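Have a look at the structure below, then the notes.
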Amino acid sequence: MLRIQSLTKTYKTGDKALVDVSFDLPKGQVVGLIGPSGAGKSTLIRCINRLVEPTSGKVLLNDLDVTSLGTGELRRARRRIGMIFQEYALVERLTVMENVLSGRLGYVPFWRSFTRRFPPADIARAFRLLDRVGLSAHVDKRADALSGGQRQRVGIARALEQEPELLLIDEPTASLDPKTSRQIMRLIVEICREDGLPAIINIHDVVLAQQFADRIIGLQAGRVVFDGAPADLTEEALTRIYGAEDWTAMRKGAAEDAEAETEARAHSEKLLGAL
Amino acid sequence: MTAYPTRWTRPPQLVKSRWWRIILAIGAIVYLVLAVGSVDVNWTRIADGWERGMRFVGGFLQPDFTTRWKDISTGLLESLTMTFTSTVVGILISVPIGVGAARNVAPRWIYAICRSIIAASRALQEIIVAIFFVALFGFGAFAGFLTLTFATIGFIAKLLAEDIEDIDESQAEAIRATGASWLQLIHYAVQPQVMPRLIGLSLYRFDINFRESAVIGIVGAGGIGGTLNTALNRYEYDSAGAILLIIIAIVMVAEYASGHLRRLLK
Amino acid sequence: MSDAQIWRHRTPKTQLALWVFWILLVALFVWCWNTMTARTMWLFVYDAPNAAADLIGRALPPRWSYMEKLWVPLWDTINIATLGTLLGIVLAVPLAFMAAHNTTPSRLVLRPFALFCIVASRSINSLIWALLLVSILGPGLLAGILAIAFRSVGFIGKLLYEAIEETDQTQIEAITATGASRAQILNYGIVPQVLPSFYGISVFRWDINIRESAILGLVGAGGIGAQLQASLNVLAWPQVMLIILVILATVVVSEWVSAKVRHAII
């Protein structure tokens, strides 16, 4: 389904965020991606839909080489990959419905999205998804009127509205309280099970990862240092991922995280730049 | 399996009532038709103007600084000196007025007087004030100086008063508790809090005053505006282009310099 | 007792620098003042209080019956401001998107061009624009509308492009990740974020434009300023007084309307 081959990302500053990362993701598998902050989790996820441009290596989505696509083809590939963000990243001043429908942007021509006249099937799907995530009462509310947990549910509905073949999920619970975190994780995993959707969940909470994921991949300084079943995540494996007291690496990691973010932003700016 | 709706329209964001939306839309269209209809365009005059417009663009691209340089430099010097003196005097006058217009430090009757001075200065456009000062003091830079000073008072005093009203009351409280007099209160509790912004505002006002000094010359209050007016009346577009370019350049320099200074003083 | 501590507010060096600064400032002021007043007729200045009393005496009471001739110019003034603002918006929006560093189509050509247009428009007061346009197009409403529009472009363009640059990038990233085209990213990611500031800026500019359009007639660009000019030319002070009162009332009303509208939108 998704095959990642020796993916490497070196930032302009020379920092290596990803070094020779390879793994396969079969259909229906939920992978928890863990590691100290800045181990390259964020970069890895963004390299898959090329919000961050990888330096070398390949990303194959059903034998389609995502890394070699041109602009138009990349858009068609992106619409098959749903993404859920840490800070929800909803368009705050649009209604909940518009946010969910924005998942169809890759499918509809500009005039339809501009006049908000989406095809009936898309609208029915959006209503169904909002019902599924428990927000049917909030369809016409503006996104900034919702609570954190509700916003993340909208984020989930938006990603699913794309009818994705793959979900990329970046720290879905980082801005939520523990109880809501659990609810959101459970919802995501349930949906993945129902639809047989593969997902990569980038998560810092090891306990949540062990509880909900089928498989755990541990990243440390851009390298895969663990890949196995949640049950195999022993004390020793955790030390390998997080280091006993390797604080210096963590601090450097935080800087890298910031870099991933700025590069992703610069990238989207560049995209807009060609407007 | 429930059937989900297949239609959705965005709920109106600003005006909720359907009738009001229709009334507003019709009103806007009627107004636009009437307003556009009231503009009678003299096409032959515009056709004539086209050639002159092109000459102006030409003058702008090939400005002539030399022919009228004497007039330009006099006007420019007048504008700059006028700007500087009026900004300084304006600030000197607006500081006591600004303090007087702050509700938390001034008695009620002083507050009322200072606020009405500010309101008068802000409501009257510079040009109208300039017309009056020219009528009273004769043509020339002095009338311009008075106009800009008057306008500066309204601007600086209002913002200063708002700043003083926003100061941290606990600091004023602490100074009052030491048994300080009113002047000492202003000096120790108010001044340190509003000084940085006052400097910023003064630089900003200098900027505005220069721009305005280029305008009030049109009604005879001295400065580069008068020179520009003469050049345009004589259809000397190359000199006019030169003057406009100088104004743009000075405004850009002043804006850049004052932005830089403000950052430096922070 | 030689090592008794002497407390100084400032170090001697900064103290000296401050003194030098103040002396230079005063010297500059004196020089500017002398240059500026070199051509001032002091006789007029000394006589100004009498002249002022005389002028006010002649201007009061305002000639109320003249009002019937002011309704049409007043309507024109409002039209100049409104149509000028609308035209200004139409011109400013594309310029703002060209000037904002995150939406500009080309960093090397279009962005500097857009920034220059914005600065040039901002540096030149609407009255100067009117002077220019009247000289090219001939007197009338059209010149006034264009003058207001050209001045508004810089104001709206600058504030709008700053708003575009301040948009939240994560929202844009999320829209990009859905596979949206560039136009769709603009429509869904950026426009909703800048729309509130856009409305606020436009209404604010309309309010300023009402003030400015009231005086454009002085240089022949239509509106109530033309009546002012005509009355001034024949020294009909009671009429001048009435016109100024009407302008003041309009300004107050427009300020109230714009405050209401902005409050309703935000």
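Could you check B:THR152 against (1) touching a Gly at 6+ places or on another chain (Cβ under 6 Å); (2) within 14 Å of another protein chain (Cβ to nearest Cβ); (3) in a helix (DSSP H, G or I) and say which number it fails?
(2)
Could you list all residues from the stretch B:172-185 that are assigned to a helix (DSSP H, G or I) and either within 16 Å of B:LEU146 (Cα to Cα) or open to solvent by 30 Å² or more (accessible area, probe 1.4 Å) (or both)?
B:GLU173, B:ALA174, B:ILE175, B:ARG176, B:ALA177, B:TRP182, B:LEU183, B:GLN184
Determine which single condition A:ARG125 fails, assuming it passes every other condition in (1) within 11 Å of chain B (Cβ to nearest Cβ); (2) under 17 Å from A:VAL91 (Cα atoms); (3) surrounded by 15 or more Cβ atoms within 10 Å (Cβ to Cβ).
With respect to (1) within 11 Å of chain B (Cβ to nearest Cβ); (2) under 17 Å from A:VAL91 (Cα atoms); (3) surrounded by 15 or more Cβ atoms within 10 Å (Cβ to Cβ), A:ARG125 is out only on (2).
For the subset of the stretch C:93-106 comprising residues that are among the small types (Gly, Ala, Ser) and touching a Phe, Trp or Tyr at 6+ places or on another chain (Cβ under 8 Å), which member is nearest to the other protein chains (Cβ to nearest Cβ)?
Among those residues, the one meeting the criterion is C:ALA100.
Consider A:ASP140 carefully, then state whether it is outside any helix (DSSP H, G or I) and surrounded by fewer than 17 Cβ atoms within 10 Å (Cβ to Cβ).
Considered against the rule, which asks whether it is outside any helix (DSSP H, G or I) and surrounded by fewer than 17 Cβ atoms within 10 Å (Cβ to Cβ), A:ASP140 comes out as yes.
Taking B:ARG55 as meeting all but one of (1) under 30 Å from the mean Cα position of the chain (by Cα); (2) in contact (Cβ under 8 Å) with a residue 40 or more places away in the chain; (3) closer than 23 Å to C:LEU132 by Cβ, write down the number of the exception.
For B:ARG55, the exception is condition (1).
Return the residues of the stretch A:61-113 that are of a type in the set (Asp, Glu), open to solvent by 10 Å² or more (accessible area, probe 1.4 Å) and not in a loop (DSSP other than H, G, I, E, B); say none if nothing qualifies.
A:ASP65, A:GLU73
Per-residue answers, yes or no, for (1) under 13 Å from the mean Cα position of the chain (by Cα); (2) under 21 Å from C:TYR199 (Cβ atoms):
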{"position": "C:THR104", "(1), (2)": "no, no"}
{"position": "C:ALA114", "(1), (2)": "no, no"}
{"position": "C:CYS117", "(1), (2)": "no, no"}
{"position": "C:ARG122", "(1), (2)": "yes, yes"}
{"position": "C:LEU133", "(1), (2)": "no, no"}
{"position": "C:GLY144", "(1), (2)": "no, no"}
{"position": "C:SER152", "(1), (2)": "yes, yes"}
{"position": "C:PHE155", "(1), (2)": "yes, yes"}
{"position": "C:GLU165", "(1), (2)": "no, yes"}
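Does the stretch B:201-211 contain at least one residue that is within 17 Å of C:TRP129 (Cβ to Cβ), in a helix (DSSP H, G or I), among the charged types (D, E, K, R) and touching a residue at least 12 places away in the same chain (Cβ under 8 Å)?
yes
For the stretch C:53-79: of the residues being open to solvent by 100 Å² or more (accessible area, probe 1.4 Å), part of a helix (DSSP H, G or I) and touching a residue at least 12 places away in the same chain (Cβ under 8 Å), which is farthest from the other protein chains (Cβ to nearest Cβ)?
The extreme case among them is C:TRP64.
Of the conditions (1) assigned to a loop (DSSP other than H, G, I, E, B); (2) surrounded by fewer than 22 Cβ atoms within 10 Å (Cβ to Cβ), B:ALA102 fails just one. Which one is it?
Looking at each condition in turn, B:ALA102 falls short on (2).
Out of all the residues in the stretch B:4-26, is one or more open to solvent by less than 80 Å² (accessible area, probe 1.4 Å), within 14 Å of chain A (Cβ to nearest Cβ) and of a type in the set (Ser, Thr, Tyr)?
Scanning the stretch B:4-26, I find at least one residue that is open to solvent by less than 80 Å² (accessible area, probe 1.4 Å), within 14 Å of chain A (Cβ to nearest Cβ) and of a type in the set (Ser, Thr, Tyr), so the answer is yes.
Please go through (1) over 23 Å from C:GLN193 (Cβ atoms); (2) touching a residue at least 12 places away in the same chain (Cβ under 8 Å); (3) surrounded by fewer than 23 Cβ atoms within 10 Å (Cβ to Cβ) for A:LEU168 and return the number of the only condition it doesn't satisfy.
Failed condition: (3).
Given the conditions (1) crowded, with 20+ Cβ neighbours inside 10 Å; (2) farther than 23 Å from B:PHE142 by Cα, which single one is not true for B:MET82?
Failed condition: (2).
Could you list, in sequence order, the residues of the stretch B:74-117 that are among the aliphatic types (A, V, I, L, M), more than 10 Å from chain C (Cβ to nearest Cβ) and either closer than 23 Å to B:GLY222 by Cα or without any contact (Cβ under 8 Å) to a residue 60 or more places away in the chain (or both)?
Answer for the stretch B:74-117, where residues must be among the aliphatic types (A, V, I, L, M), more than 10 Å from chain C (Cβ to nearest Cβ) and either closer than 23 Å to B:GLY222 by Cα or without any contact (Cβ under 8 Å) to a residue 60 or more places away in the chain (or both): B:LEU76, B:ILE91, B:LEU92, B:ILE93, B:ALA106, B:ILE110, B:ALA112, B:ILE113, B:ILE117.
So if I check each of B:GLU173, B:GLU165, which one is of a type outside the set (Ser, Thr, Tyr) and either under 20 Å from B:ILE97 (Cα atoms) or touching a helix residue (DSSP H, G or I) at 6+ places or on another chain (Cβ under 7 Å) (or both)?
B:GLU165
Only one of C:ALA149, C:ALA120, C:ALA114 is open to solvent by less than 20 Å² (accessible area, probe 1.4 Å), touching a Ser or Thr at 6+ places or on another chain (Cβ under 9 Å), small (Gly, Ala, Ser) and free of Cβ contacts under 8 Å to residues at least 60 places away in the same chain. Can you tell me which?
Exactly one residue qualifies, and that residue is C:ALA114.
Taking only the stretch C:187-218 into account, find how many residues are more than 9 Å from every other protein chain (Cβ to nearest Cβ), among the small types (Gly, Ala, Ser) and over 30 Å from C:LEU242 (Cβ atoms).
Within the stretch C:187-218, residues that are more than 9 Å from every other protein chain (Cβ to nearest Cβ), among the small types (Gly, Ala, Ser) and over 30 Å from C:LEU242 (Cβ atoms) number 3.
I need the full set of residues from the stretch C:222-252 which are surrounded by 13 or more Cβ atoms within 10 Å (Cβ to Cβ) and of a type in the set (Val, Ile, Thr), in order please.
C:ILE224, C:VAL240, C:ILE243, C:ILE244, C:VAL246, C:ILE247, C:THR250, C:VAL251
Would you point out the residue of the stretch C:163-186, among those that are in contact with a helix residue (DSSP H, G or I) (Cβ under 6 Å, 6 or more places away or on another chain) and not in a helix (DSSP H, G or I), that is farthest from the other protein chains (Cβ to nearest Cβ)?
Ranking the qualifying residues of the stretch C:163-186, first place goes to C:THR167.
For C:LEU127, all conditions in the list (1) assigned to a helix (DSSP H, G or I); (2) open to solvent by 10 Å² or more (accessible area, probe 1.4 Å); (3) within 23 Å of C:LEU83 (Cα to Cα) hold save one; what is the number of the exception?
With respect to (1) assigned to a helix (DSSP H, G or I); (2) open to solvent by 10 Å² or more (accessible area, probe 1.4 Å); (3) within 23 Å of C:LEU83 (Cα to Cα), C:LEU127 is out only on (2).
Do we find a residue being more than 20 Å from the chain's Cα centre (by Cα), open to solvent by 10 Å² or more (accessible area, probe 1.4 Å) and modelled with pLDDT under 85 anywhere in the stretch B:205-220?
Looking through the stretch B:205-220, none of the residues is more than 20 Å from the chain's Cα centre (by Cα), open to solvent by 10 Å² or more (accessible area, probe 1.4 Å) and modelled with pLDDT under 85.
Taking into account only those residues within the stretch B:118-142 that are of a type in the set (Gly, Ala, Ser) and within 9 Å of chain C (Cβ to nearest Cβ), which is nearest to B:THR85 (Cα to Cα)?
Only one residue tops the list, namely B:ALA141.
The values are calculated or read from the model by the stated rules, or taken from the named source; none is laboratory data. Just so it is clear, the structure is predicted and the values come from calculations on it, not from any experiment. Methodologically, a virtual Cβ is constructed for each residue, glycine included, from the backbone with ideal geometry; neighbour enumeration extends over all protein chains shown. Side chains included, ligands, DNA and RNA excluded: accessible areas come from the protein's heavy atoms. Shrake-Rupley method; radii C 1.70, N 1.55, O 1.52, S 1.80 Å.
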